[in-house]
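Worksheet for the structure shown next.
The values are calculated or read from the model by the stated rules, or taken from the named source; none is laboratory data. Every value quoted in this text rests on a predicted model; they were computed, and no experiment measured them. Positions of Cβ are backbone-derived with ideal geometry, glycine not excepted, and every protein chain shown enters the neighbour counts.
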Amino acid sequence: MNFKVPSRLRRLLVDSVELPQLQFPMTQPPRRRVSKRPAPQRLTDVLWFGRNPGDLRMLEYVPPGVKGPMPLVVVLHGCHQNAEDFDRASGWTALAREHGFAVLYAEQKTSNNPNLCFNWFRPSLVTRDRGELGSIREMIDFSCRVHKIDADRIFVMGLSAGGAMAAALLATYPELFAAGAIIGGLPFGAARDAMAALDVMARGSTRTAEKWGELVREVSPEAARYPAVSIWHGDEDEVVSFANAEASVAQWLAARERPRTKGRLRLFDGGERREWRDDYGNLILELVTLNDFGHGLPVGSVVEGWEPANDTERFILPAALSAPEELVKSWNLAA
């Protein structure tokens, strides 16, 4: 299929005959910064964690003095980002030390993608136990073997390309995760090559809800349950169309074979939260829409007069809600 690539997306392509890489364009956020929060803890680089078919880097933080099994949060950064900068800006390890849970970062390498994007659009790299997906699974298994991890309380959060990879993990290993969050990301199976990825990022997809659901059921045909899924997206995201958030909602409702209802709407200052619950009242899916919000990880309170120090911070944006802090609460991670 031929289509014209919009000018603002042309720079997403890199010089390669195979067009294997994607990079997200630089969008200028408001001249504001998150307010001071507890300093992040130092991440530990794990040099060997088992098979590494996707050739990714593993970093972790395990708070000291925690008694009994602790939850584990897997964090996946976006393009142009790395684990340490992302952690400083998002505050995940500071939250982990405060509340007593472990954090695992999978980090992309320039040898895999010069723009540090996870290759969510390549089927061979997001297949069960293969490629980048297989590497992340090995990291989780390593953490569970070495640390006192509660196997029933493993979570994943990803931003942008990391959000698309989080969707792939939730779809492919539903038995592994209690819940996950897709922030500014895309549904599982949205593209199978770089050109298709550009198209769906810009415009979304015309797939039906049933087709989206089939993509999940095909890779996990024997799933007894699916994780709770939290989808966050800005209504002014010019990098990943909001249509992808709507497609993610359709995908997870269809995977559960639930009718496409509107869900329960809750308004808050700066956006809305739409919730779907099971017959017992448990949250199974939510869509958090942020008003006047672009592409990035939403964080909370802000102060004026700041510009991003690096590419990572360009995609850490002030918002009415802090996604990490809200997820800590909704996943019951608070000590």
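Structure values in brief
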read-out	value
Residue among Leu159, Leu170, Leu176 that is surrounded by fewer than 21 Cβ atoms within 10 Å (Cβ to Cβ) and either farther than 14 Å from Trp120 by Cα or touching a strand residue (DSSP E or B) at 6+ places or on another chain (Cβ under 8 Å) (or both)	Leu176
Condition met for Thr93 (of a type outside the set (A, V, I, L, M, F, W, C) and surrounded by fewer than 24 Cβ atoms within 10 Å (Cβ to Cβ))	no
Residues located in the range 159-179, provided they are small (Gly, Ala, Ser), within 23 Å of Asn282 (Cβ to Cβ) and in contact with a Phe, Trp or Tyr (Cβ under 8 Å, 6 or more places away or on another chain)	Ala167, Ala171, Ala178, Ala179
Residues that are of a type in the set (Ser, Thr, Tyr) and part of a loop (DSSP other than H, G, I, E, B), drawn from the range 165-196	Tyr173
Hits in the range 255-290 - residues which are polar (S, T, N, Q) and within 21 Å of the chain's Cα centre (by Cα)	Thr289
The listed residue being over 21 Å from Leu169 (Cβ atoms) and under 18 Å from the mean Cα position of the chain (by Cα), out of Glu84, Glu107, Glu98	Glu84
Matching residues, the range 113-151, being acidic (Asp, Glu) and closer than 21 Å to Leu333 by Cα	Asp141, Asp150
Residues of the range 41-52 satisfying the condition of being farther than 15 Å from Ala94 by Cβ and either basic (Lys, Arg) or surrounded by fewer than 18 Cβ atoms within 10 Å (Cβ to Cβ) (or both)	Thr44, Asp45, Val46, Leu47, Trp48, Gly50, Arg51, Asn52
Glu236 vs. criteria over 15 Å from Leu287 (Cβ atoms), modelled with pLDDT of 95 or more and of a type outside the set (A, V, I, L, M)	yes
Candidate set from the range 122-139 (those that are more than 16 Å from the chain's Cα centre (by Cα) and of a type in the set (A, V, I, L, M, F, W, C)); member that is surrounded by the most Cβ atoms within 10 Å (Cβ to Cβ)	Met139
2 or more residues within 16 Å of Leu159 (Cα to Cα): qualifying strands (runs of 3 or more DSSP E) within the range 197-289	228-234
Identity of the residue in the range 265-285, under 24 Å from Gly300 (Cα atoms) and among the charged types (D, E, K, R), that ends up surrounded by the fewest Cβ atoms within 10 Å (Cβ to Cβ)	Asp269
